[in-house]
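Notes follow once the structure below has been shown.
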Amino acid sequence: MDTARSAALLVAGFVNFDSISPGGLPPGWAAGVTGKGSPRWAVSAEASAPSAPNVLKQSGSGAFPWCVDKQSSLADGFVEVKMKPVSGREDQAGGVVWRWKDGDNYYVARANALENNVSLYYTESGSRKTIKYVDAPVARETWHTLRAEFSGRHIRVILDGVTRIELDDAHIAGTGAVGVWTKADSVTLFDDFRFGEAPK
């Protein structure tokens, strides 16, 4: 990881879900799904959490469930989360979203334990488009750190401290919210969610 570059990004928000009562969402957050489905996002008690006692858990199903901090607004910066893929017959995935305009338009980077890969997508008008995916070890029932850094057209996706994808893409521009994401029937846990801006 380019530590000098990462250090230049300023942390603007951090949520570890521990001060939030289990059963609900963090204040200012919203949950939904791109496409059809019935996602179930809620803060939940979890003994294995990197910062116990709580995590954010998705335990329903849907095409592409998402949960975002609607108070956030970033054009350039980073979003990072610790994620643990638990189960899923169709998928075992977790991701971060940024430049989220609404449930149909945003970027997403995700790690998949069923496929052992990392992918970068953009979602436009409700349709998910692949930008790039690469093979990478993503163990199930294990906590991983997934991070995306973005500035203008440049995007970098980092899993467990290793840069897996780095490229330029211009499909989604301007400011948007940040959050987390899953796919299909993935049961995934999230903790220590943080985001920040690139200095002006």
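The values are calculated or read from the model by the stated rules, or taken from the named source; none is laboratory data. These figures come from a predicted structure and were not determined experimentally. In this analysis, Cβ positions are derived from the backbone assuming ideal geometry, glycine residues included, and neighbour counts consider all displayed protein chains. Please note that ligands, DNA and RNA were not included when accessible areas were found on the heavy atoms of the full protein model with its side chains. Shrake-Rupley method; radii C 1.70, N 1.55, O 1.52, S 1.80 Å.
This table checks each residue for (1) within 17 Å of residue 85 (Cα to Cα); (2) in contact with an Asp or Glu (Cβ under 6 Å, 6 or more places away or on another chain).
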site: 12; (1), (2): no, yes
site: 16; (1), (2): no, yes
site: 22; (1), (2): no, no
site: 26; (1), (2): no, no
site: 29; (1), (2): no, yes
site: 36; (1), (2): no, no
site: 41; (1), (2): yes, no
site: 45; (1), (2): yes, no
site: 49; (1), (2): yes, yes
Selection count where residues are open to solvent by 10 Å² or more (accessible area, probe 1.4 Å), within 18 Å of residue 139 (Cα to Cα) and over 10 Å from the mean Cα position of the chain (by Cα), scope region 78-108:
7
Single residue of region 46-64 satisfying the filter (farther than 10 Å from residue 18 by Cβ and without any contact (Cβ under 8 Å) to a residue 60 or more places away in the chain) that is surrounded by the fewest Cβ atoms within 10 Å (Cβ to Cβ)
47
Residue selected from region 26-39 under the condition at pLDDT 95 or above and out of contact with any Lys or Arg (no Cβ under 8 Å at 6 or more places or on another chain), by the criterion nearest to residue 186 (Cα to Cα)
39
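So, residue 68, is that one closer than 21 Å to residue 99 by Cα, open to solvent by less than 30 Å² (accessible area, probe 1.4 Å) and under 15 Å from the mean Cα position of the chain (by Cα) or not?
Yes.
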Filter region 109-126 for residues that are surrounded by fewer than 18 Cβ atoms within 10 Å (Cβ to Cβ) and either closer than 12 Å to residue 148 by Cα or not small (Gly, Ala, Ser) (or both) and give the result.
115, 116, 124
With (1) buried (at least 21 other Cβ atoms within 10 Å of the Cβ); (2) of a type in the set (S, T, N, Q); (3) in a loop (DSSP other than H, G, I, E, B) as the list, and residue 142 as the residue in question, which single condition is left unmet?
(1)
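Results for (1) of a type in the set (Asp, Glu); (2) out of contact with any Gly (no Cβ under 6 Å at 6 or more places or on another chain); (3) more than 16 Å from residue 193 (Cβ to Cβ), shown as yes or no for each residue.
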site	(1), (2), (3)
63	no, no, yes
67	no, no, no
89	no, yes, yes
95	no, yes, no
Of everything in region 36-45, what is over 9 Å from residue 17 (Cα atoms), touching a Ser or Thr at 6+ places or on another chain (Cβ under 9 Å) and assigned to a strand (DSSP E or B)? Give them in sequence order.
37, 38, 41, 42
Residue within region 92-100 that is at pLDDT below 95, among the small types (Gly, Ala, Ser) and touching a strand residue (DSSP E or B) at 6+ places or on another chain (Cβ under 9 Å) present:
no
Within region 146-200, tally of residues that are touching a residue at least 24 places away in the same chain (Cβ under 8 Å), part of a strand (DSSP E or B) and open to solvent by 40 Å² or more (accessible area, probe 1.4 Å)
6
Mind listing whichever residues of region 8-25 are outside any loop (DSSP other than H, G, I, E, B) and either open to solvent by 80 Å² or more (accessible area, probe 1.4 Å) or at pLDDT 90 or above (or both)?
10, 11, 14, 15
